Amino acid sequence: MGAMRRFLPLIAAFLIGAPALAEPVHGIAMHGSPALGPDYKHFPYVNPAVKKGGKITYGVVGTFDSLNPFILKGMRTTARGVWDPELGNLLYEPLMTRSSDESFTLYGLLAESAEWDDDRTFIQFNLNPKAKWSDGTPVTPEDVVFTFELLKQKGRPPFNSRLDAVAKLEKVGERSIRFTFNDKANRETPLIIASSTPILPKHAIDAETFDRSGIRQVIGSGPYKIKSIQPGERITWERDPNYWGKDVPAKIGFDNYNEISVLYFLQTSTMFEAFKKGDIDMYPEGDAINGNPDASHWGQAYDFPAANRGDIVKEVFEPRLPSGMFGLLFNTRRPLFSDERVREGLSYVMDFEWMNRNILGGAFKRTQSFWQNSTLGAFGNAADEKERALLGDAIGRLSPELLAGTYRMPVNNGSGADRAILKRAVDLLSEDGYSIKAGRMVDKAGRQLSFEIMTQNAAQERIALAYQRSLALIGVAMSIRSVDDAQYQSRVNTFDYDMVIRSFPSTLSPGTEQINRWGSASRDAQGSFNYAGVADPDIDRMMDAFLKARSLDDFQRAVRAYDRLLVAGHYIIPLYHVGSQWVARWKYIDRPQVTPIFGYQRSTWWDRRAQ
């Protein structure tokens with residue numbers, strides 16, 4: 001009879017279709033198991049013995065008028081630090097946090113453990129009983145339910161779609177929450193739920209006014225509280241001495257400053273001048289827009305007193321990540337760019353070799369695919385029979401070179417006017433009805449092929465000018481419009497541009513974020529990152545394949561197939577990538593000796609003056 005009692009819950013679960021019972025785990029991984037065991041003390045890339053104290057001031061280009069990054073109005077004008085993987089999630093926290101030294105592995109934070117089944121039909125989060133909001137109120141399952149329902153109603157993409165894959169969200173016991181998934185879920189869904197959504201305090205948020213941008217009092221569960229705000233100019237955070245999570249293993253060695261300030265600048269040149277004077281303490285070479293450092297600036301701009309005295313430390317970090325993609329992006333919503341042949345022809349016009357030698361100091365290599373330098377990339381990795389089968393009919397869209405992993409952008413002779421490559425471009429444009437008449441590239445109606453590229457800083461303008469020079473050789477008229485940060489953000493939110501220069505970082509575990517960049521579902525969603533306006537069933541199918549892949553081999557094949565289709569679509573004119581991260585800092589700012597897979601982590605650094 002006792003044995004029967006033990007099996008009754010399992011029998012009942014089977015009969016009613018509920019998930020099988022699971023053992024709580026301290027961490028979850030997309031593929032395989034977490035590298036760190038349940039008794040781990042801290043992440044391997046921190047200094048667990050660091051003495052907290054001191055302060056740091058960061059500099060950013062832009063402005064802010066909001067403390068809510070989860071709505072469309074505040075998407076790109078929210079003060080840094082609120083929900084910020086780069087500077088640290090200072091105010092709000094997720095249920096579980098990501099290790100930067102593993103491809104995609106999460107460890108407990110607000111939730112001290114999780115439970116799921118092998119098929120990932122559900123996940124249950126068990127909240128840490130110590131988790132509290134900054135006003136001392138406990139974090140509860142009701143807060144989690146409130147957060148997901150509020151973001152579904154009033155959040156921006158992708159926060160408003162988190163529950164699309166959830167059949168049931170329920171409180172379980174006193175401090176647990178279970179998400180049961182529907183057929184829209186994939187194997188990454190539980191990890192996105194766990195790590196990519198901030199948990200908000202139900203008792204401190206007015207749901208009616210949540211979608212209104214602005215500066216107002218906020219309460220979070222994170223390690224910092226807001227000390228002072230000067231809208232558009234500065235926000236200062238102070239470490240909460242009563243932070244509930246300071247002893248959680250995943251937070252040991254993090255959040256080391258007593259005070260963090262973020263200063264806002266109109267342009268990078270004035271931000272660098274502030275760094276030289278000591279008004280800001282770090283200067284990462286390269287910004288969030290171009291994603292790559294300026295070689296000439298790195299080599300020539302550090303001849304000033306503080307640097308010459310040795311007060312400035314210049315360091316190069318080597319993350320172990322794929323190349324990503326940085327380039328000039330076509331908005332295919334524009335009829336002009338709807339034809340793939342036009343995009344390909346215009347791509348060939350870019351004389352990268354001339355630009356690299358004359359503008360970039362010859363410091364860069366051209367990018368050939370989105371996951372270059374990894375097993376996930378199309379470039380350098382031939383498609384095997386299983387990948388070809390996965391591609392199905394889409395294989396007919398790919399050249400033999402793309403399938404063999406040998407396709408690359410044409411290499412110019414560097415003269416700035418390589419006639420052979422320009423002829424290839426003209427031939428492709430002629431397939432869509434264009435021809436050169438009186439020195440102008442015109443369509444059948446005699447209208448000149450013309451478009452505008454929108455830029456937002458001097459580095460982008462230099463690239464645009466080089467491209468403009470090459471286009472003029474075949475009679476294409478391209479204008480350049482430089483806009484301020486506010487106008488740029490407004491126009492990219494509404495896809496109001498012909499061409500922009502964008503960076504798409506790549507990780508070793510691409511997942512649901514790709515839908516927001518290249519998926520059909522995001523094409524018309526304002527505020528999405530689908531800047532190119534892509535809506536392609538084959539691309540959607542490859543995303544679905546890698547999101548549902550159970551084995552690492554199947555996952556890698558699906559991402560390579562996806563990479564090949566993105567390259568074949570000529571949605572972006574590839575430029576260059578740098579595998580290194582270049583950072584200058586005042587020497588009193590120190591760091592751990594270990595650099596994780598994802599590169600340096602600002603939130604693990606500290607102020608040596610506090611030691």
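The values are calculated or read from the model by the stated rules, or taken from the named source; none is laboratory data. From a predicted model like this one, the values you see are computed outputs, not experimental measurements. Note that we place each Cβ from the backbone using ideal geometry, even for glycine, and neighbour counts take in every protein chain shown.
For this structure, a couple of remarks:
- For the stretch 312-323, taking the residues that are touching a strand residue (DSSP E or B) at 6+ places or on another chain (Cβ under 6 Å) and surrounded by fewer than 19 Cβ atoms within 10 Å (Cβ to Cβ), the one that is nearest to GLN526 (Cα to Cα) is identified as PHE317.
- Subset of the stretch 320-338 (residues that are outside any strand (DSSP E or B) and closer than 22 Å to TYR562 by Cβ): ARG320, LEU321, PRO322, SER323, GLY324, ASN331, THR332, ARG333, PHE337, SER338
- Neighbours by Cβ (under 6 Å, 6+ apart or cross-chain): first from the stretch 63-91, not assigned by TED's automatic domain parsing to the domain that holds GLN526; second in a loop (DSSP other than H, G, I, E, B) and among the charged types (D, E, K, R): ILE71/ARG156; ILE71/ASP211; LEU72/ARG156; MET75/ARG156; THR77/ASP65; LEU87/ARG80
- Of GLY327, GLY299, all but one fail to be touching a residue at least 24 places away in the same chain (Cβ under 8 Å) and either in the same structural domain as ASN457 (by TED's automatic domain parsing) or in contact with a Leu (Cβ under 9 Å, 6 or more places away or on another chain) (or both); the exception is GLY327.
- Long-range neighbours under 7 Å by Cβ, at least six apart or interchain, first residue touching a residue at least 40 places away in the same chain (Cβ under 8 Å) within the stretch 522-542, second of a type in the set (D, E, K, R): GLY527/ARG156; TYR531/ARG502; GLY533/ARG333; GLY533/ARG523; VAL534/ARG523
- Residues in the stretch 403-439 that are over 14 Å from GLU344 (Cα atoms) and either in contact with a His (Cβ under 9 Å, 6 or more places away or on another chain) or surrounded by 17 or more Cβ atoms within 10 Å (Cβ to Cβ) (or both): LEU403, GLY405, ASN412, ASP418.
- Flag if TYR40 is outside the structural domain of SER134 (by TED's automatic domain parsing) and on the phi < 0 side of the Ramachandran plot: yes
- Test: residue in the stretch 378-386 that is crowded, with 21+ Cβ neighbours inside 10 Å, among the small types (Gly, Ala, Ser), modelled with pLDDT of 95 or more and in contact with a Ser or Thr (Cβ under 7 Å, 6 or more places away or on another chain): yes
- Check on ILE395, crowded, with 16+ Cβ neighbours inside 10 Å and either free of Cβ contacts under 8 Å to residues at least 40 places away in the same chain or within 21 Å of PRO537 (Cα to Cα) (or both): yes
- Given (1) surrounded by 21 or more Cβ atoms within 10 Å (Cβ to Cβ); (2) over 30 Å from PHE272 (Cα atoms); (3) at pLDDT 95 or above, number of the condition MET454 does not satisfy: (2)
- Filtering the stretch 498-518 to residues that are surrounded by fewer than 21 Cβ atoms within 10 Å (Cβ to Cβ) and either charged (D, E, K, R) or more than 14 Å from the chain's Cα centre (by Cα) (or both) leaves ASP498, ARG502, GLU513, ARG517.
- Listed conditions (1) more than 15 Å from ALA194 (Cβ to Cβ); (2) in contact with a Pro (Cβ under 7 Å, 6 or more places away or on another chain) are all met by LEU109, apart from (1).
- Check on ARG366, in contact with a helix residue (DSSP H, G or I) (Cβ under 7 Å, 6 or more places away or on another chain), in the same structural domain as LYS423 (by TED's automatic domain parsing) and more than 26 Å from ARG462 (Cβ to Cβ): no
- Considering (1) assigned to a loop (DSSP other than H, G, I, E, B); (2) at pLDDT 95 or above, the lone condition that HIS31 does not fulfil carries the number (2).
Residue-wise test of (1) in a loop (DSSP other than H, G, I, E, B); (2) assigned by TED's automatic domain parsing to the domain that holds SER296; (3) over 30 Å from GLN556 (Cα atoms).
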| site | (1), (2), (3) |
| --- | --- |
| LEU346 | no, no, yes |
| MET355 | no, no, yes |
| GLY361 | yes, no, yes |
| ASP393 | no, no, no |
| GLY416 | yes, no, yes |
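- Within the stretch 272-287, being of a type outside the set (Lys, Arg), at pLDDT 95 or above and out of contact with any Leu (no Cβ under 8 Å at 6 or more places or on another chain) holds for PHE272, GLU273, PHE275, GLY278, ASP281, MET282, TYR283.
- Contact annotation: residue pairs with Cβ atoms under 8 Å, 6 or more positions apart or on different chains, pairing a residue in the stretch 428-442 that is under 15 Å from ARG343 (Cβ atoms) and assigned by TED's automatic domain parsing to the domain that holds PRO410 with a partner that is modelled with pLDDT of 95 or more and in a strand (DSSP E or B), are LEU429/MET441; TYR434/MET441; TYR434/VAL442; MET441/SER435; MET441/GLN448.
- Among the strands (runs of 3 or more DSSP E) confined to the stretch 70-129, the ones with at least 3 residues that are over 22 Å from ILE260 (Cα atoms) are located at 105-108, 111-116, 122-127.
- Residue count for the stretch 61-83, restricted to those that are surrounded by fewer than 19 Cβ atoms within 10 Å (Cβ to Cβ) and within 30 Å of VAL594 (Cα to Cα): 1.
- A single entry from THR63, THR57 fulfils the requirement of being over 19 Å from the mean Cα position of the chain (by Cα), modelled with pLDDT of 95 or more and closer than 23 Å to SER228 by Cβ: THR57.
- Odd one out for LYS314 among (1) touching a helix residue (DSSP H, G or I) at 6+ places or on another chain (Cβ under 7 Å); (2) not assigned by TED's automatic domain parsing to the domain that holds GLN514: (1)
- Close pairs (6 angstrom Cβ cut-off, 6 or more residues apart or separate chains): more than 16 Å from LYS132 (Cβ to Cβ) in the stretch 181-208, basic (Lys, Arg) and in a loop (DSSP other than H, G, I, E, B) anywhere: ARG187/ARG120; PRO190/ARG120
- Of all residues in the stretch 325-347, exactly one satisfies the criterion of being farther than 16 Å from SER369 by Cβ, of a type in the set (Gly, Ala, Ser) and surrounded by 20 or more Cβ atoms within 10 Å (Cβ to Cβ), namely GLY345.
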